[in-house]
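Reading through the structure tokens given below for one structure.
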Amino acid sequence: MASSTAAVAAANKAAAQKLVTSLGAGSGVDVSALAQNLVDAERVPKENAINAKITKNESRISGYAAMSFVLSGVQTALTALKDQNSFNALGVANSNAAAFSVTTSATGTAGSHEIEVLRLAKAQRSVSDGVASGSTPLNGGLAMSLTMNVGSPSPVASTIQLAAGKDTPQDIVNAINDAKTGVTAQLVNTGDGSATPFQIVLSGATGAAGAFSLTPNYLAGAGSPGLSFSNVNAANQTATDALVKVDGISYTRTTNTLTDVVPGLTLGLKATTSSVATIDLTRDNTGVKEKMATLVTAYNDAQTIFKEVADPKSTLETYGATLLGDSSVRSIKQQLRDMVMGQSSTPGTTVGAVWQMGVSIDMQGTMTLDSTKLESVLSSNYADVVKTFTGNQNGLSVYSTANAGVAGDAVKKISKLLGPTGILQTQSSSATTQNTKYSADLTKLQTRMDSLLLRYQKQFSAMDSLVGGVNAQKTSLKSTFDGMMANLTGKSG
């Protein structure tokens, strides 16, 4: 600041000396250049100081953007490890994929199983006799009711009332659906070319407990029924439970999706089998190891940027040395280390931190992964690894307060750091706000300097005119005096 003040003083002194010299020379002064030089001597130091602040803030914004980018990379790597389902590392060999599918989860274990699908779970489906159209009155336009019995072996009866004029097939379909008994109805047009192509299709819930029966009740004095439901109770498809035999044990279920027969597996039944099928489950740790390696790379990339933005000797273009002395760099660097290397909020029985999985950080802050140690831990304590990373959770929101393991907790914390109220966004926004103010200061400075330039130009023009007039008078007087002296001395000038 002292050097800037000295430079301004020197410039003003030089301009003043130029003014004196020019005035002494009489007319012919470059008034515009003189005025501009004086204004520049006052404007440039102030303008440079403001621009320096703007440049510094722009560098800060770039530094915060770089930190946000690499933190997002770490967050992405951790996201791949935060859900229990991310650890479905079982390879499946299914000898009869046409009969059933197999989906693994993180709780599944390696081994072999014998599967027989003896019966599929089905829902009752019943179809009425045909009618001419969906608007054909079935009870002469008079009121009627339906008795629906749902459930087996202890059915629950419901009475469905249809008002007068509401006895058409479409009305019956609407009334059954509105009753929400667990049976749904649909009016279909078979398009079979007959005079009665419209039929009502009734469907119950899957499983034997979803069986139902329907009885129409025609009120006294009503016209002849136009539709027979007699075959509804002799169902087109009978409600049945699924029956499977796994490793010699029979299981009956109301659904074809079985989640509680083989631990950690979901069986999706498609068809019955004619012989015993087998599934072989083998542990495949390749995916987990790749995700861990990705995390290590992302972490080290972040550490590199943290170092460069804070290093005054950095040669990294755009981002190097942009956050010198900024405490947020040290703070976030330490937070990230603690997130990854700290004890899990949901530790396993034997393994509860990533350092026990072969992850380490050296004195320079570089993370490394011992693949051999990781493989050993995955083989011996796989469930602990899953719990340590995920808390055995799936799909937790970043706003959840539940403990979610190393990866789940870290994802939530990084989301806050990167969010609108996080330190990076707030610091960047603050720098942007300051630059808006500095830009306004530049505009105000330019306005003042324009006014000063105009004033100087008017003043110097007036001085120049005055001096020119005085010099003209001086020349005239000198000529007169020279003439008088010549007359007195008899000598000509």
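The values are calculated or read from the model by the stated rules, or taken from the named source; none is laboratory data. Keep in mind it's a predicted model, so treat the numbers as computed, not measured. As a convention, Cβ positions derive from the backbone with ideal geometry for all residues, glycine included, and neighbour counts pool all protein chains shown. To get the accessible areas, we keep the full protein, side chains included, count just its heavy atoms, and leave off ligands, DNA and RNA. Shrake-Rupley method; radii C 1.70, N 1.55, O 1.52, S 1.80 Å.
Data overview
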item: Accessible surface, per residue, of the stretch 232-286 when the full set of protein chains is kept, probe 1.4 Å, Å²; result: 50
item: Spacing of the two label points (7 Å from each Cα toward its C-beta) at Asp284 and Thr433, in nm; result: 5.3
item: Mean Cα-pair separation over length for the stretch 381-421, i.e. relative contact order, pairs under 8 Å, 6 or more apart, %; result: 35
item: Amide hydrogen neighbours beyond the local backbone of Leu142, cut-off 5 Å, H modeled; result: Gly165, Gly223
item: From phi via Karplus (6.51, -1.76, 1.60), per-residue ³J(HN,Hα) for the stretch 273-288 in Hz, x at Gly/Pro; result: 9, 9, 8, 5, 9, 10, 10, 10, 10, 10, 6, 10, 8, 4, x, 5
item: Distant-in-sequence amide H partners of Thr206 (H built 1.01 Å from N, under 5 Å); result: none
item: Karplus 3J(HN,Hα) series, Hz, for the stretch 253-269 with 6.51 cos²θ - 1.76 cosθ + 1.60 (x for Gly, Pro); result: 9, 7, 10, 8, 9, 9, 10, 10, 9, 10, x, x, 10, 10, 9, x, 6
item: Straight-distance crosslink candidates among lysines, where the alpha carbon sits under 24 Å from Lys270 and sequence neighbours closer than 8 are dropped; result: Lys122, Lys245
item: Integer Hz, Karplus 6.51/-1.76/1.60 couplings in order for the stretch 363-370, x for Gly and Pro; result: 5, 8, x, 8, 8, 10, 10, 8
item: Net +/- balance of residues flanking Gln434 in space, Cβ distance below 11 Å, scoring K and R +1, D and E -1; result: +2
item: Within the accessible area of the stretch 296-398 (1.4 Å probe), percent carbon and sulfur; result: 49
item: Qualifying aspartates and glutamates (Cα of each under 16 Å from Cα of Lys289; at least 8 residues distant if same chain); result: Asp83, Asp370, Glu375, Asp384
item: Candidate aspartates and glutamates - alpha carbon under 17 Å from Lys313, same-chain residues fewer than 8 apart omitted; result: Asp326
item: Area of Glu308 that stays accessible when all protein chains are in place (1.4 Å probe, Å², to 10); result: 40
item: The stretch 284-420 - percent relative contact order, Cα under 8 Å, separation 6 or more; result: 22
item: Convex hull of Cα atoms in the stretch 276-377, direction-averaged projection (nm²); result: 10.0
item: Extension reserve of the Lys373-Ala164 stretch, reckoned as 0.36 nm per residue once the Cα distance is removed; result: 67.4 nm
item: Segment Asp30-Arg455, length gained on full extension (0.36 nm per residue, minus Cα span); result: 151.5 nm
item: The stretch 339-461: C-alpha pair distances exceeding 25 Å, %; result: 54
item: Peptides ranked, highest mean first, by Cβ atoms within 10 Å: ranges 325-336, 152-163; result: 325-336, 152-163
